[in-house]
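Colleague: What follows is a single structure, and I will ask about it in a moment.
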Amino acid sequence: VPPAAEAVTLIDLSDDALPEALANLAEGARTPQRQLPIRVAFALGQWTWQVPLLRSTLSQAGFEPQQLVHIALPDGTSAWAWSPGCELDPLTTNLEQGWSLSLRATPYGAVAIAGRTETGEPAFPYDFIAYGASAFVLVPAGRAHAVAQRLAERASDPSEPGLGEAADALEAAPIRLVVRTGSLLTPGADAAAPRSVAAHRIDAQSWTSVP
């Protein structure tokens, strides 16, 4: 996870309570007391339909991850990542048959760039990145190389835990969210709140802020 990430969310796709947790997430994201950056709050509010649609899209190319990781980057771009589950050879076939994407090697792994229609629109909404052996990643069409550069960034102080480590350390829940707060907050939030990192667990019953 890049050190400049605004938020990291871990989504347990195997949890039967995930639909209810996504509904709680969307409702809570609209609450000013959550102290969420505007871009992050808006994105979370769309996940009741976006996450099921994304799962269907992944399934078309043979991907059935148990967990999705969402990374919100400071330029407004986001990335969906999951653990690799196959080698590049079957992956190439899956991408071509499922998404009509062609994989090619890059210095950081491999990438498949969405083509363009006759009107210049993306023929597929995502670019795909096989980031070394660590992750498969979907990013908005046309953003693969920029996001790959972001993923290569490292913290100036390696001993300082990043958002990804903080999210992974939270007690298991359908949704675990760690977010940087303090700038461009949702309307009604406390503008004087100091910039910090906030952690949350969201399940079928509640949204719990973790000290």
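Colleague: Roughly how tilted is helix 47-60, in degrees to the nearest 10 and between 0 and 90, from the longest Cα axis of the chain?
Modeller: 20
Colleague: Taking only the Cα atoms of the chain, how large is their convex hull per residue, in Å³?
Modeller: Here the figure is 130 Å³ per residue.
Colleague: At 1.4 Å probe size, with every protein chain present, just tell me what the per residue accessible area of segment 1-68 comes to in Å².
Modeller: On the way: 3110 Å² over 68 residues.
Heavy-atom accessible area per residue stands at 46 Å².
Colleague: While we're looking at this one, here's another question. With a 1.4 Å probe and every protein chain kept in, tell me what percent of the accessible surface of the chain is carbon plus sulfur. Before the final figure, lay out the partial values.
Modeller: Working: 5490 of 10620 Å².
Here carbon and sulfur together make up 52 percent of the probe-accessible area.
Colleague: Using a ≥ b ≥ c from the Cα gyration tensor of segment 92-154 (square roots of the eigenvalues), is it rounded, prolate or oblate, where a/c under 1.5 gives rounded and otherwise the larger of a/b and b/c decides, a/b for prolate? Spell out each step's value before the answer.
Modeller: Details: a/c = 2.48, a/b = 1.44, b/c = 1.71.
Note, shape of segment 92-154 comes out oblate.
Colleague: Divide by every residue of the chain the summed helix terms, -39500 (n - 2.57) for each DSSP H run of at least 4, and state the resulting mean residue ellipticity at 222 nm, rounded to the nearest 500 deg cm²/dmol.
Modeller: Calculated mean residue ellipticity at 222 nm is -8500 deg cm²/dmol.
Colleague: Given H placed 1.01 Å from N in the peptide plane, which residues other than close sequence neighbours of Arg143 have an amide H under 5 Å from its amide H?
Modeller: Answer set, sorted by chain and number: Asp127.
Colleague: Based on the Cα atoms of segment 16-71, what semi-axes does the equivalent ellipsoid have, where each is the square root of 5 times one gyration tensor eigenvalue, given in whole Å with the largest first? Don't skip to the answer; put the middle values down first.
Modeller: Working: eigenvalues 115, 28, 16 Å².
Working from the Cα gyration tensor, I get semi-axes of 24, 12, 9 Å.
Colleague: Within 13 Å, Cβ to Cβ, of Asp75, how many net charges do the neighbouring residues add up to if Lys/Arg are +1 and Asp/Glu are -1? Kindly include the intermediate steps, with their values, before the conclusion.
Modeller: On the way: positive: Arg39, Arg143, Arg150; negative: Glu6, Glu153.
Overall, the nearby charge balance is +1.
Colleague: Further question: Give me the extension gain from Val197 to Thr106: residue separation times 0.36 nm, minus the current Cα-Cα distance, reported in nm with one decimal.
Modeller: Details: separation 91, 0.36 × 91 = 32.76 nm, distance 3.37 nm.
Between Val197 and Thr106, full extension yields 29.4 nm more.
Colleague: Now for a different question. Hey, what's the Cα Rg ratio for segment 1-102 versus the globular rule of thumb, 2.2 N^0.38 Å?
Modeller: On the way: Rg = 15.1 Å, N = 102, 2.2 N^0.38 = 12.8 Å.
This ratio for segment 1-102 stands at 1.19.
Colleague: Using 0.36 nm per residue, how much length does the chain from Gln33 to Leu53 gain when fully extended, once their Cα-Cα distance is taken away?
Modeller: Numbers: separation 20, 0.36 × 20 = 7.20 nm, distance 2.89 nm.
That works out to 4.3 nm of additional length.
Colleague: In segment 94-116, which residues have a backbone nitrogen under 18 Å from the label point lying 7 Å from Thr77's Cα in the Cα-to-Cβ direction?
Modeller: Of the residues in segment 94-116, 104-116 have backbone N under 18 Å from the label point off Thr77.
The values are calculated or read from the model by the stated rules, or taken from the named source; none is laboratory data. These figures come from a predicted structure and were not determined experimentally. Positions of Cβ are generated from backbone atoms using ideal geometry, with glycine treated the same way; all protein chains shown enter the neighbour counts. Only protein heavy atoms, including side chains, enter the accessible area calculation; ligands, DNA and RNA are left aside. Shrake-Rupley method; radii C 1.70, N 1.55, O 1.52, S 1.80 Å.
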